[in-house]
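Asks: Below you will find the structure I want to go over with you.
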């Protein structure tokens with residue numbers, strides 16, 4: 001049996017209306033001066049104002065940082081560090097989608113340990129303690145609140161760096177599906193499909209183990225049963241709750257088994273063409289599953305009798321692009337994309353050995 005080392009680092013508080021507990025939970029952790037890293041959409045939705053009020057009710061002051069976008073990069077993290085240092089914060093709250101959660105973790109790295117974000121590329125490179133954090137996702141997608149890694153793009157090369165450390169774990173993940181209801185339909189679709197990909201990819205990686213498989217399977221069941229319902233009925237709190245919990249469990253699966261070739265092929269599409277991560281994932285996932293099938297001994301059938309077909313059905317229900325040719329990617333660029341994909345870290349954990357030739361096959365099938 002596969003050896004493993006399972007040590008949950010994050011308390012999970014889940015349920016509709018649980019966001020109202022933010023102030024009390026922060027006080028329990030000793031927060032006094034908090035940085036709130038929140039994206040512009042969350043600010044517009046009024047959740048930042050609500051968070052400030054909840055913290056104030058417990059005597060906790062807060063400063064808000066919003067100067068980052070959907071793919072936070074090293075320059076944005078550095079701007080956050082400068083802002084947080086000037087405020088003298090003792091804690092951080094990531095409020096929003098994956099960009100907010102990753103940016104919060106990135107700021108924590110450089111604020112507490114110094115240097116630049118690229119110094120933490122890899123795992124376990126933070127030598128000093130980091131500030132306590134609470135993660136409050138407002139999309140059911142990345143599962144970043146369950147992970148010790150921050151995905152930060154290099155502002156110069158646009159390469160996505162996975163920077164991880166156990167000290168970067170959120171102390172509490174506060175999961176309130178009500179916060180996810182206000183997300184635009186396109187965001188729900190792309191983020192939700194990303195979560196689905198996490199359940200599928202972690203199910204078959206070379207690092208999978210009994211713990212990760214339990215998370216992957218339950219995540220798949222929750223996501224597969226609720227994704228179409230969320231798109232059909234945007235105010236369905238129960239369905240959104242299943243999506244949010246499924247997303248979190250898929251994030252826990254990533255933490256214990258990593259990802260594979262889908263993410264390796266998706267990252268160059270974001271770096272070179274600015275493709276939304278979830279859209280890039282959606283274009284590729286079913287083709288990677290088909291490409292991997294001979295290497296997984298029927299494992300995909302445990303999720304669905306015809307997983308590529310089911311993934312296509314979910315893609316069509318989400319109204320996401322079906323082919324690469326329907327996007328801005330020209331066929332003549334596939335070779336260069338394949339070379340970039342072969343260098344991505346997650347490809348190392350794919351069940352079928354993955355290289356540039358394999359990436360080229362996947363891109364061609366997707367095109």
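Computed from the coordinates by the stated procedures, all read-outs in this text should not be read as laboratory data. Bear in mind the structure is a predicted one, so any value in this text is a computation, not a measurement. We place every Cβ from the backbone using ideal geometry, glycine too, and count neighbours over all the protein chains shown.
Asks: Compute the length gained on full extension between residue 225 and residue 28: take 0.36 nm times their separation in residues and subtract their Cα-Cα distance, giving the result in nm to one decimal.
Replies: Full-extension gain reported as 67.4 nm.
Asks: Quick one: order 68, 83 by neighbouring beta-carbon count within 10 Å, fewest to most.
Replies: 83, 68
Asks: I need two numbers for the range 1-84: Rg to one decimal and Dmax as a whole number, Cα atoms only, in Å.
Replies: Calculated on Cα positions, Rg and Dmax stand at 15.9, 50 Å.
Asks: What's the Kirkwood radius of the range 11-179 in Å, using all Cα pairs?
Replies: Value: 15.4 Å, from the Cα pair sum.
Asks: Over the range 184-366, what per residue volume does the convex hull of the Cα atoms give, in whole Å³?
Replies: That works out to 97 Å³ per residue.
Asks: Another question, then. Over the chain, what is the mean sequence separation of C-alpha contacts under 8 Å (at least six apart), divided by residue count, expressed as relative contact order in percent?
Replies: RCO, the chain: 15 percent.
Asks: Going by how many other beta carbons lie within 10 Å of each one, how would you line up 99, 62, fewest first?
Replies: Lowest count first: 62, 99.
Asks: Sort 160, 105, 125, 167 by Cβ crowding within 10 Å, fewest neighbours at the top.
Replies: Listed from fewest to most nearby Cβ atoms, that is 125, 167, 160, 105.
Asks: If you don't mind, there's one more thing I want to ask. Sort 127-140, 17-30 by the packing proxy (mean of other Cβ within 10 Å over each peptide's residues), most packed first.
Replies: 127-140, 17-30
Asks: Here is a further query. So what's the angle, to the nearest 10 degrees on a 0 to 90 scale, between helix 277-292 and the longest Cα principal axis of the chain?
Replies: The two axes meet at around 40 degrees.
Asks: Can you give me the angle between helix 261-273 and the longest principal axis of the chain, using Cα atoms only, in degrees from 0 to 90, rounded to the nearest 10?
Replies: Long axis of 261-273 versus the principal axis of the chain: about 70 degrees.
Asks: Further, regarding this structure: For the chain, what proportion of DSSP beta bridges, expressed in % and rounded to the nearest 5, is antiparallel?
Replies: Once the DSSP bridges in the chain are tallied, antiparallel ones form about 15 percent.
Asks: Using the Kirkwood radius over C-alpha pairs as Rh, can you work out the diffusion coefficient of the chain via Stokes-Einstein at 37 °C, viscosity 0.692 mPa s, in µm² per second?
Replies: D = 162 µm²/s.
Asks: Taking a spot 7 Å from the Cα of residue 90 along the direction of its beta carbon, which residues of the range 128-157 have an amide N less than 12 Å from it?
Replies: 132
Asks: In nm, to one decimal, how far is the residue 327 label point from the residue 352 one, both placed 7 Å along Cα→Cβ?
Replies: 2.0 nm
Asks: Further question on the same structure: Among 287, 263, 198, which one moves the most in a GNM of the chain with springs linking Cα atoms closer than 10 Å?
Replies: 287
Asks: For the range 89-158, what is the convex hull volume of its Cα atoms per residue in Å³?
Replies: For the range 89-158, the hull spanned by Cα atoms encloses 93 Å³ per residue.
Asks: A follow-up question, please. Using alpha carbons only, how many degrees (0 to 90, rounded to 10) separate the axis of helix 237-257 from the longest principal axis of the chain?
Replies: Helix 237-257 and the main axis of the chain meet at about 80 degrees.
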